[in-house]
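Trainee: Before I ask anything, here is the structure I am working with.
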Amino acid sequence: MSLQITALSVQRQRRCIVEDVSLATPLAAGSLTALVGPNGAGKSTLIHALAGLLPSSGQLLLDEVPLSALPLRQRSRQVALLPQSLPQSVGLSPYELLLGGLLANGVGRREAETRIDAVLRRLGLLTLAMQRLDTLSGGQRQMVALAQVLARQPRLLLLDEPTSALDLRWQLAVLGAVGEDVRQRSAIGVIALHDLNLALRACDRVLVLAGGRLQADGAPDAVLDAALLRRVYGISARIEPCSQGRAQLIVDQLLPETHLEALPS
Amino acid sequence: MSTTLALALDAPLSLAQRYHRANLRRAAVLLLLGAALCLSLLWDIGTGPSGLPLRDIVQGLLAPESLEIADRVILFDVRLPYTCMALVVGAALGLAGAQMQTVLNNPLASPFTLGLAAAATLGAAMAIVFVPVLPWLPVELLTPLCAFLMALLSTGLILLLLRWHGGGSHSLVLFGIALMFALEALVSLMHFLADSNALEQIVFWSMGSLGRASWPNVLLVAVTLLLCFGLAMRRAWALTLLRSGEAQAESLGVDVARVRRACLVEVSLLTAVALCFVGTIGFVGLVGPHIARLLVGEQHRYFLPASTLCGALMLSLASIASKSLIPGLIVPIGIVTALVGVPAFMLLILGRRAAA
């Protein structure tokens, strides 16, 4: 299984938010790809376009099949989106939300119950299963949304900043669970992240987006270097191996804005 | 054997079993609401200036020939249509309000949010003011017909704007509010153009009254209600998923634009049919869904019936109050629902804040 992106562009209100994004090699089955970049780079827009929620030009091929040719229902069975957060005032329980999602995807009742039980157990959410969502914290709601995505067992997982409301422990737990799921089922995971150390630690590939354009693409420790960080983020930073041999980002200082290379807006 | 049984009883329930239990509790709440509604309807039938005792009413309902002719006319041609109209109109407004709050993702939405009530009032006012222009059509038919057509026209206009502009629920609410102000200005223009007799009729129509109830009217509203209820229940899971956000619902395979469009047409039909016979009755479509939400949550397979029952119960109780507040006089029910609805709504808000 693979996902190929060719000349993908997205316009919103007559402004080009994502421009001509093409990948040299397709995203491979069983891989987790980080989508990183500064605020306003177009990460969420790209994720939503991949999910088919925004009109786009260019080509998206999932296993050689154009995603845009798939009817909404069929597409939803193959592609799952995790939004940045679930709405706050919802009088539903996590169990109901997961069950509704699975039934909408054509999963049988028995199978749905088994999957929900397994995924809530795996994410440590069993005690929250019957509570109303409007009584949960932002981080807990984000975990419920992740549980809904994992329970659907899609071929393509699109996660829009799933760790933004989570503490350190849960950030690692989420990335671990997603990575494990993607590898076990040979699915494809794309995850928008702000924390580059998380990308270095958990992802197989990184796409760097800035000003709506793809700036770099490759293995995280090969792509993220001092020059790119200065150019894209305007920071002085270095990638160094930590005591466990893993690459780690160390930020030295914030640079004046003049160090930011002019990127297309 | 007994040890095995004891272990089985002590075993923690699975999630599916706990969910099943929660649904049983909700079903019990629906049954209780239904029982409360039956009692309220009986009380409503028994309330009125002619002083028919409850025993005679029950006996008359079971064996109509046991009643005197005058009492039979009062029961079957006055009291029952009045009570049944409260039941079907309240239920229609409750169901419409629940769907409106979901598709607009706005707890303050009601069947009136998109200017439907203002449109119906304008239609009725036009019928009343311009009645000499159409002398061949009786005013009893013309007023509800114009109210109905104007309400549908306003919905059509909003759907057209939405199609042309695009956008989500926020755009829809903004269009609705703008349209409501325009329609209210036109109603004021009708007030200005009307003579004193027509003005009196417009004002009375806009107060909302069940006094115009008749069996054919009740039947029409009931059939519309049943049809729309069936359609709404078929969309129950889609509406439930819509509560998790439009993008999330779409990603789950819900055609959000289509569901929204279908709901709006259905809500317009329900509201227009209900209001064209009784005038403006506010707050039922706003408060009914809130009470239902507190009782059964937002799983729409339970929320929609609960909201329908709450709306019916609210209007039935308001009907009793409208006949009992001032002896010998029936206060227009629109005034009662507003007077009772405002404090009820405030209590809901304060209760929710205290719970938070």
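The values are calculated or read from the model by the stated rules, or taken from the named source; none is laboratory data. Since the model is a prediction, treat every value here as computed from it, not as a measurement. Note that we place each Cβ from the backbone using ideal geometry, even for glycine, and neighbour counts take in every protein chain shown. Note: areas computed on protein heavy atoms with side chains; ligands, DNA, RNA excluded. Shrake-Rupley method; radii C 1.70, N 1.55, O 1.52, S 1.80 Å.
Trainee: What single numbered condition from (1) open to solvent by 40 Å² or more (accessible area, probe 1.4 Å); (2) in contact with a Lys or Arg (Cβ under 6 Å, 6 or more places away or on another chain) fails to hold for B:ILE45?
Mentor: (1)
Trainee: Would you confirm whether any residue within region B:234-241 is within 27 Å of B:GLN101 (Cβ to Cβ) and surrounded by fewer than 18 Cβ atoms within 10 Å (Cβ to Cβ)?
Mentor: Yes, some residue in region B:234-241 is within 27 Å of B:GLN101 (Cβ to Cβ) and surrounded by fewer than 18 Cβ atoms within 10 Å (Cβ to Cβ).
Trainee: If you take the residues in region B:298-342 that are open to solvent by less than 10 Å² (accessible area, probe 1.4 Å) and touching a Lys or Arg at 6+ places or on another chain (Cβ under 7 Å), which one is nearest to B:ALA96 (Cα to Cα)?
Mentor: Among those residues, the one meeting the criterion is B:PHE303.
Trainee: Within region A:98-113, restricting attention to residues that are within 22 Å of B:GLY297 (Cβ to Cβ) and among the small types (Gly, Ala, Ser), which residue is farthest from the other protein chains (Cβ to nearest Cβ)?
Mentor: Checking each candidate, the answer is A:ALA112.
Trainee: Can A:VAL79 be described as within 14 Å of chain B (Cβ to nearest Cβ), among the β-branched types (Val, Ile, Thr) and under 22 Å from B:GLU250 (Cα atoms)?
Mentor: When the stated conditions are applied, A:VAL79 passes them.
Trainee: Looking for whichever is open to solvent by less than 30 Å² (accessible area, probe 1.4 Å) and within 14 Å of another protein chain (Cβ to nearest Cβ) here; the options are B:VAL256, B:VAL287. Which one fits? I'd like the intermediate steps shown before the answer.
Mentor: Values: B:VAL287 fails: within 14 Å of another protein chain (Cβ to nearest Cβ).
Sole residue among the options that is open to solvent by less than 30 Å² (accessible area, probe 1.4 Å) and within 14 Å of another protein chain (Cβ to nearest Cβ): B:VAL256.
Trainee: A further question follows. Could you run through region A:2-57 and say how many residues are surrounded by fewer than 16 Cβ atoms within 10 Å (Cβ to Cβ) and among the aliphatic types (A, V, I, L, M)?
Mentor: 3
Trainee: Can you tell me how many residues in region A:114-131 are within 7 Å of another protein chain (Cβ to nearest Cβ) and in a loop (DSSP other than H, G, I, E, B)?
Mentor: Total meeting the criteria: 2.
Trainee: Would you be able to say whether some residue in region B:237-252 is at negative phi and in contact with a strand residue (DSSP E or B) (Cβ under 6 Å, 6 or more places away or on another chain)?
Mentor: yes
Trainee: Can you confirm whether region A:14-26 contains a residue that is in contact (Cβ under 8 Å) with a residue 24 or more places away in the chain and among the basic types (Lys, Arg)?
Mentor: no
Trainee: Please give the number of the condition B:HIS165 fails out of (1) over 22 Å from B:TYR302 (Cβ atoms); (2) modelled with pLDDT of 90 or more; (3) not charged (D, E, K, R).
Mentor: Checking B:HIS165 against (1) over 22 Å from B:TYR302 (Cβ atoms); (2) modelled with pLDDT of 90 or more; (3) not charged (D, E, K, R), the one that fails is (2).
Trainee: Here's something else I'd like to know. With respect to B:ALA306, determine if the residue is within 14 Å of chain A (Cβ to nearest Cβ) and either at pLDDT 95 or above or more than 30 Å from A:ASP134 (Cα to Cα) (or both).
Mentor: Taking the combined requirement at face value, the residue satisfies it.
Trainee: From the residues in region A:137-170 that are in contact (Cβ under 8 Å) with a residue 40 or more places away in the chain, farther than 26 Å from A:ALA28 by Cβ and part of a loop (DSSP other than H, G, I, E, B), which one is most open to solvent (accessible area, probe 1.4 Å)?
Mentor: For region A:137-170, the residue satisfying everything is A:SER164.
Trainee: Quick one: would you say A:ILE250 is of a type in the set (Val, Ile, Thr), open to solvent by 30 Å² or more (accessible area, probe 1.4 Å) and either within 29 Å of A:LEU8 (Cα to Cα) or at pLDDT below 95 (or both)?
Mentor: yes
Trainee: Given the condition among the polar types (S, T, N, Q) and assigned to a helix (DSSP H, G or I), answer yes or no: does some residue in region A:196-216 qualify? Walk me through it before giving the result.
Mentor: If we filter region A:196-216 for residues that are among the polar types (S, T, N, Q), which is where we start, we get A:197, A:215.
Then drop every residue that is not assigned to a helix (DSSP H, G or I), which leaves A:197.
Checked against the condition, which is being among the polar types (S, T, N, Q) and assigned to a helix (DSSP H, G or I), region A:196-216 yields at least one hit.
Condition check ((1) farther than 20 Å from B:GLN299 by Cβ; (2) open to solvent by 40 Å² or more (accessible area, probe 1.4 Å); (3) among the hydroxyl-bearing types (Ser, Thr, Tyr)) across all residues:
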position	(1), (2), (3)
A:ARG75	yes, no, no
A:GLN78	yes, no, no
A:PRO83	yes, no, no
A:LEU86	no, no, no
A:ARG115	no, yes, no
A:VAL119	no, no, no
A:ALA129	no, no, no
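Trainee: Which of the residues spanning region A:40-53 are modelled with pLDDT of 90 or more and not small (Gly, Ala, Ser)?
Mentor: Within region A:40-53, A:LYS43, A:THR45, A:LEU46, A:ILE47, A:HIS48, A:LEU50 qualify.
Trainee: Follow-up question, since we're still on this one. Could you say which residue among B:GLY253, B:GLY230 is in a helix (DSSP H, G or I) and either modelled with pLDDT of 90 or more or more than 19 Å from the chain's Cα centre (by Cα) (or both)?
Mentor: Every option except B:GLY230 fails the conditions.
Trainee: Do the conditions hold for B:THR83, that is, is it buried (at least 18 other Cβ atoms within 10 Å of the Cβ), in contact with a helix residue (DSSP H, G or I) (Cβ under 9 Å, 6 or more places away or on another chain), within 14 Å of chain A (Cβ to nearest Cβ) and modelled with pLDDT of 90 or more?
Mentor: Answer is no for this residue.
Trainee: Looking at A:LEU92 and the list (1) part of a helix (DSSP H, G or I); (2) open to solvent by less than 20 Å² (accessible area, probe 1.4 Å), which single condition is not satisfied?
Mentor: (1)
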